[in-house]
1. For PRO155, are the conditions met, namely being assigned to a loop (DSSP other than H, G, I, E, B), of a type outside the set (S, T, N, Q), at pLDDT 85 or above and open to solvent by 20 Å² or more (accessible area, probe 1.4 Å)?
2. Under 25 Å from ASN238 (Cα atoms), touching a residue at least 24 places away in the same chain (Cβ under 8 Å) and acidic (Asp, Glu), is that true of GLU204?
3. Of the residues LEU52, LEU112, LEU137, only one is of a type outside the set (Val, Ile, Thr), modelled with pLDDT under 90 and outside the structural domain of ARG256 (by the TED database); which?
4. Of all residues being surrounded by 12 or more Cβ atoms within 10 Å (Cβ to Cβ) and of a type in the set (S, T, N, Q) in segment 169-210, which is farthest from ASN259 (Cα to Cα)? Just the residue, please.
5. Mind telling me which of the residues VAL247, VAL220 ends up being in the same structural domain as LEU164 (by the TED database), open to solvent by less than 80 Å² (accessible area, probe 1.4 Å) and touching a Cys at 6+ places or on another chain (Cβ under 6 Å)?
6. Please give the number of the condition SER40 fails out of (1) among the polar types (S, T, N, Q); (2) out of contact with any helix residue (DSSP H, G or I) (no Cβ under 8 Å at 6 or more places or on another chain); (3) farther than 30 Å from MET236 by Cβ.
7. Please enumerate the residues belonging to segment 124-138 that are in a loop (DSSP other than H, G, I, E, B) and open to solvent by 50 Å² or more (accessible area, probe 1.4 Å).
8. Are there any strands (runs of 3 or more DSSP E) wholly within segment 191-233 with 3 or more residues that are more than 23 Å from THR107 (Cα to Cα), and if so which?
Amino acid sequence: MNQNLDERAVNGLGVLAAIVRCGSFASAGKALNMSQSGVSRSIARLEARLGLRLFERTTRSVSMTDEGRRLYEQIGPLLTGLEEAVASVMEGRALVRGRLRVQMHRTFAHFLEGARLRAFLESHPELELELITRDQLGDLVSEGFDVAIHVGNPPVSSLVVRKLWTTRIVTVAAPSYFKRHKHPATPQELVTDRHILIDYRDPETGRPFEWEFHRGRRIVKVPTNGHIIVSDIITMHNLCLAGYGIVQVMENAVSRLLNQGKLIDLFPDWQDERFPLYAVYPSRKHLPAKTRAFLDFVLSLPSSIAANAQD
């Protein structure tokens, strides 16, 4: 085995990781202080050394192959871990530093309070945080995301899935809604009394979420009238606050509004339906300090949301 080729292979792995993180050959070249042709040659040597094609190249685009994606899933966390290990040895501590790309589900983004996020950023001044809002996971590896915060059960994949917490599903309406409508005593009366139910479209299926009510082992499903369907959580909340109709939402998203009396929980005795929040990331090995710090931050949010709701 040629030692010089081994060194080139290691260098090529670093170039591969830079391309994924930066999004293109050109951007990786700038980050590594290399020319774009130098980046291309490094990847070509790595492909020749491994006997694999890592990228599909055309005159207009470059995309990662399945083999390239699998390789990055393995070496990405290892390279990041090596970088942090060196920094830790040199500076005597594990630093939360560098660029962290986070994909957030739109619902999670809605109740991510600015004050809490500011405190997190100020506690880690060397962290460069990029937050991208998206309902569907997509391809985290090829798009260079370090972690995704996903609401609901994520699709089956080779990625690491970690449940962070669950939140109760509540059925709510504004007090002004009941100036025109009778307060339902049971979930079934939502249908019999012809209440206006605002549907929220499931981004995974394209269909509205089913309305369910859980109490112990009993589950009641209520058909909605489909009068209005929205795909944006802010629009749904605004319509509800304006007194137009009734919605089903995550309790964490409306805790303060419930406490302030701006929304009313219609069925507090039907409180056993829960919705999960997951973290999804490429590998469980050598999880970077920056990713661990962000996950710890997300784990702390339910208690802070509950505390703020009492303010």
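1. No, not satisfied.
2. Details: under 25 Å from ASN238 (Cα atoms): yes; touching a residue at least 24 places away in the same chain (Cβ under 8 Å): yes; acidic (Asp, Glu): yes.
Judged against the criteria, GLU204 is a match.
3. LEU52
4. For segment 169-210, the residue satisfying everything is GLN188.
5. VAL247
6. For SER40, the failing item is (2).
7. PRO125, GLU126, ARG134, GLN136, GLY138
8. In segment 191-233, the matching strands (runs of 3 or more DSSP E) lie at 218-222.
The values are calculated or read from the model by the stated rules, or taken from the named source; none is laboratory data. Here the structure is a predicted model, which is why all the values come from computation and not from measurement. So basically every Cβ, Gly included, is an ideal-geometry build from the backbone, and we count neighbours across all protein chains shown. Just the protein is used for accessible areas: all its heavy atoms, side chains included, with ligands, DNA and RNA removed. Shrake-Rupley method; radii C 1.70, N 1.55, O 1.52, S 1.80 Å.
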